[in-house]
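Peer 1: Below is the structure I would like to discuss, written out as structure tokens.
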Amino acid sequence: MNGQRVGIMGGTFDPVHYGHLVTAEAAREQFGLQSVVFVPSGRPPHKRQGGVSNFWHRYLMAVLATATNPFFEVSILEYQRSGCSYTVDTVRAFRDLYGAGTELFFITGADAILEIFGWKQPEELLAMCRFIAATRPGYDLGQLHALLGEYFSGAVSVLEIPVLSISSSDIRGRIKRNASIKYLLPEAVEAYIIKSRLYQDGS
Ligand code: ATP
Ligand code: MG
């Protein structure tokens with residue numbers, strides 16, 4: 001073991017927002033991660049086809065959003081792989097990249113982890129990396145306990161974050177109806193969205 005700990009933050013990031021950034025930073029601090037890699041999905045298996053913005057828009061917004069944090073990186077790994085992006089394949093690729101000495105932490109919102117048994121090869125996935133499930137203070141963990149059973153304490157750590165109910169879909173909806181998106185995401189990302197005229201058709 002080289003003692004390295006690396007966080008993987010997977011998502012569509014369409015667009016990236018403060019919910020993602022606060023979660024990644026809290027995970028880094030609480031779990032002593034050397035870095036957190038944001039991995040925008042290539043072709044997300046669980047999202048409607050065609051409704052997701054071009055990879056490079058999502059990648060560039062993630063780069064803009066993470067530019068001020070020296071511990072954050074953005075990966076094009078899922079773009080380079082053809083076919084659907086499955087978390088198990090992504091984690092396997094990172095394990096090959098960093099080697100067995102690095103402990104991997106996959107960071108998700110509690111909502112996403114509740115769907116884990118619908119993902120590809122969930123058992124392998126839970127064996128390969130530790131999960132950090134972000135919840136808001138007061139969130140009912142009972143559901144998570146019930147679903148994960150014996151895996152719960154072994155493979156999943158809960159992270160309490162102060163984040164509000166910011167979501168990419170809400171931000172896209174606001175843009176479509178000309179409502180303000182200020183203070184929900186970094187200014188540079190807001191400027192990029194306006195400049196590139198993203199989400200105006202409600203996609
Ligand atoms: P959408 O509304 O399109 O589903 P989203 O805001 O959920 O977008 P994703 O890119 O789907 O963003 O999420 C990536 C990861 O970030 C997921 O694990 C998700 O649970 C987590 N996440 C999203 N929003 C928040 C938030 N406000 N606080 C904490 N985690 C979040
Ligand atoms: Mg989501």
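Peer 1: Whole percent per 5 Å bin, from 0 to the bin with the longest distance: what is P(r) over all C-alpha pairs of the range 1-151?
Peer 2: Going from the shortest bin to the longest, the percentages are 2, 9, 19, 22, 23, 16, 8, 2, 0.
Peer 1: I'd like the FRET efficiency for Ser167 and Trp119, computed as 1/(1 + (r/R0)^6) with the beta carbon distance as r and R0 of 25 Å, rounded to 0.05.
Peer 2: My answer for the efficiency is 0.80.
Peer 1: Also: Please work out the FRET efficiency for the pair Glu160 and Trp56, using the Cβ-Cβ distance as r and a Förster radius of 30 Å; give the result to the nearest 0.05.
Peer 2: So, using R0 = 30 Å, E works out to roughly 0.30.
Peer 1: Over the range 45-203, with the other protein chains present, what is the accessible area per residue in square angstrom, probe 1.4 angstrom?
Peer 2: Result: 54 Å² of accessible area for each residue.
Peer 1: Report the relative contact order of the range 5-166, percent, no decimals, based on alpha-carbon pairs under 8 angstrom and at least 6 residues apart.
Peer 2: Relative contact order of the range 5-166: 26 percent.
Peer 1: Suppose only helical runs count, i.e. DSSP H with n ≥ 4. What mean residue ellipticity at 222 nm does that imply for the chain under -39500 (n - 2.57) per run, divided by all residues and rounded to the nearest 500 deg cm²/dmol?
Peer 2: About -11000 deg cm²/dmol.
Peer 1: Continuing with the same structure: By how many nm would the segment from Phe71 to Gln4 grow when fully extended, if each residue of separation counts as 0.36 nm and the alpha-carbon distance is taken off?
Peer 2: So the extension gain works out to 22.8 nm.
Peer 1: When a/c is below 1.5 the answer is rounded, else prolate if a/b is larger than b/c, else oblate, so apply that to the range 103-203 with a ≥ b ≥ c taken from the square roots of the Cα gyration tensor eigenvalues.
Peer 2: Prolate, because a/c is 1.5 or more and a/b exceeds b/c.
Peer 1: Below 12 angstrom from the Cβ of Arg136, what's the summed charge of the other residues (Lys, Arg +1; Asp, Glu -1)?
Peer 2: Taking every other residue near Arg136 into account, the sum is -3.
Peer 1: Would you mind computing, in nm to one decimal, how far apart the modelled labels at Gln200 and Arg136 are, each placed 7 Å from Cα along Cα→Cβ?
Peer 2: A separation of 3.3 nm, rounded to one decimal place.
Peer 1: Still on this structure, please answer the following. Using a 1.4 Å probe on the protein chains only, how many percent of the accessible area of the range 5-166 belongs to carbon and sulfur?
Peer 2: 52
The values are calculated or read from the model by the stated rules, or taken from the named source; none is laboratory data. Not measured: the values here are computed from a predicted model. Here the Cβ is made from the backbone with ideal geometry for all residues, glycine too, and neighbour counts use every protein chain on show. The area values use the complete protein model at the heavy-atom level, side chains included, leaving out ligands, DNA and RNA. Shrake-Rupley method; radii C 1.70, N 1.55, O 1.52, S 1.80 Å.
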